[in-house]
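So the structure is just underneath, and the comments pick up after that.
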Amino acid sequence: MIKRVLPFTMLCLFAVFLVSCENSNSSTDSDTNAETQTRTLTDAQDNEVEIPDQAERIIAPYLEDYLIALDEQPIAQWTVGEGQIQEYLQDDLKDIPTINFDLPYEDVLNFEPDLLLIESDATVEGGKYEEYEKIAPTYVVKNGEDISWEERLEDLGQVFDKKEQAEEVETNYQEEVTKAQDQLQNEIDGNSVAVIWVTNNSAFMVAKDRSSGRLLYEDLGFEVPELTQEISEDAEADWTQVSLESLSQLDADYLFLVNSDESAEMFDDPLWNNIPAVENDQLFEFGPDSSWLYNGPIAYTQMLDDVKESLE
């Protein structure tokens, strides 16, 4: 009797063991697949890119504004020149190490990213894309002078599978614009505004459809001064250099100044004081640590707050 029961018992135990192993292997395979799961997206240069669903080591220089808006954190942040960084984002990027704007190959390699997001076509010219692609999946985000910050945000929303969150960010911004229009109706109606940036004792004016220009003229509805209209016709960048002589004739009711050179000699020139908005005490000044030199949902929202605080 004992001899018959023992083999049967061992057989049962062996069967349980096999099932257990199969379940264990299945679980391991499932975990592995989850870790390596990707989605194939086509970027702005028609590259088919395998985007990891759970990217944790992201490098996206000059796109940090968008990442923060989508609750993503880069492992390195944009810098240029002598340690220039996007100061207006430092509440979220404090202690994040920097990487130069031109993405040196060795620096990228040392950060061991699992996703590279490229801000402009120029960054990957000359075979650079192929080099970066060897390090990590490399996605070129929508870019160019005709691409709005909303389009870039939506593109990144697709990358992170956060389409609805991107749309929510846009909706919230438009609601803030509507509130500002209501609050500033008297200041906006029939009045013009201009934005200049002073650096290295030179003045630059923002184009009417770029950066803060778009915010003021298109979103809020301020009038466009003649000088701004002129420089916008041939503008190849956000900012175009203008002479002090031209500024002295600037027919703007309000003037916003981004001052990166507080000791600039031009501020002591009589022509500066002849600018109507300066003469009428309608000059509003912001430092280079503000968001006025940048683009993105956070930059636009902060500029909007600055306009409201200045004119209310």
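Quick notes on this structure:
- In sequence order, calculated HN-Hα J values of the stretch 90-100 (Karplus, 6.51, -1.76, 1.60; Hz; x Gly/Pro): 6, 4, 9, 10, 4, 6, 6, x, 9, 9, 5
- Gyration tensor (alpha-carbon) shape descriptor, the stretch 108-255, a/c threshold 1.5: oblate
- Net lengthening on full extension, D53/Q165 (0.36 nm per residue, minus Cα-Cα): 38.7 nm
- For the chain, the relative contact order works out to 15 percent when only alpha carbon pairs closer than 8 Å and six or more residues apart are counted.
- Listed by chain and number, the lysines whose C-alpha is less than 25 Å from the C-alpha of K308, apart from same-chain residues fewer than 8 away, are K179, K208.
- Taking the stretch 77-119 and dividing mean pair separation by its residue count, relative contact order in percent (alpha carbons under 8 Å, at least six apart): 38
- Chain lengthening between A122 and Q37 when straightened (0.36 nm per residue, less Cα-Cα): 27.6 nm
- Which label in (i) 27.2, 116; (ii) 24.0, 99; (iii) 38.6, 138 gives the computed Rg and Dmax of the Cα atoms in Å: (i)
- HN-Hα J in Hz across the stretch 220-232 - Karplus 6.51, -1.76, 1.60, θ = phi - 60°, x for Gly and Pro: 8, x, 5, 6, 9, x, 4, 5, 5, 4, 5, 6, 6
- Centre separation in Å (Cα based) which lies between the stretch 215-287 and the stretch 177-194: 18
- Degrees separating the helix 2-35 axis from the principal Cα axis of the chain, which is the longest one: 10
- For E56, the accessible area of its heavy atoms, probed at 1.4 Å with every protein chain present, is near 140 square angstrom.
- Average Cα contact separation per residue, the stretch 49-129, under 8 Å, 6 or more apart, as relative contact order %: 38
- Long-range amide H partners of A76 with built H, under 5 Å: A60
The values are calculated or read from the model by the stated rules, or taken from the named source; none is laboratory data. Everything quoted here is computed from the prediction, not taken from an experiment. Note: areas computed on protein heavy atoms with side chains; ligands, DNA, RNA excluded. Shrake-Rupley method; radii C 1.70, N 1.55, O 1.52, S 1.80 Å.
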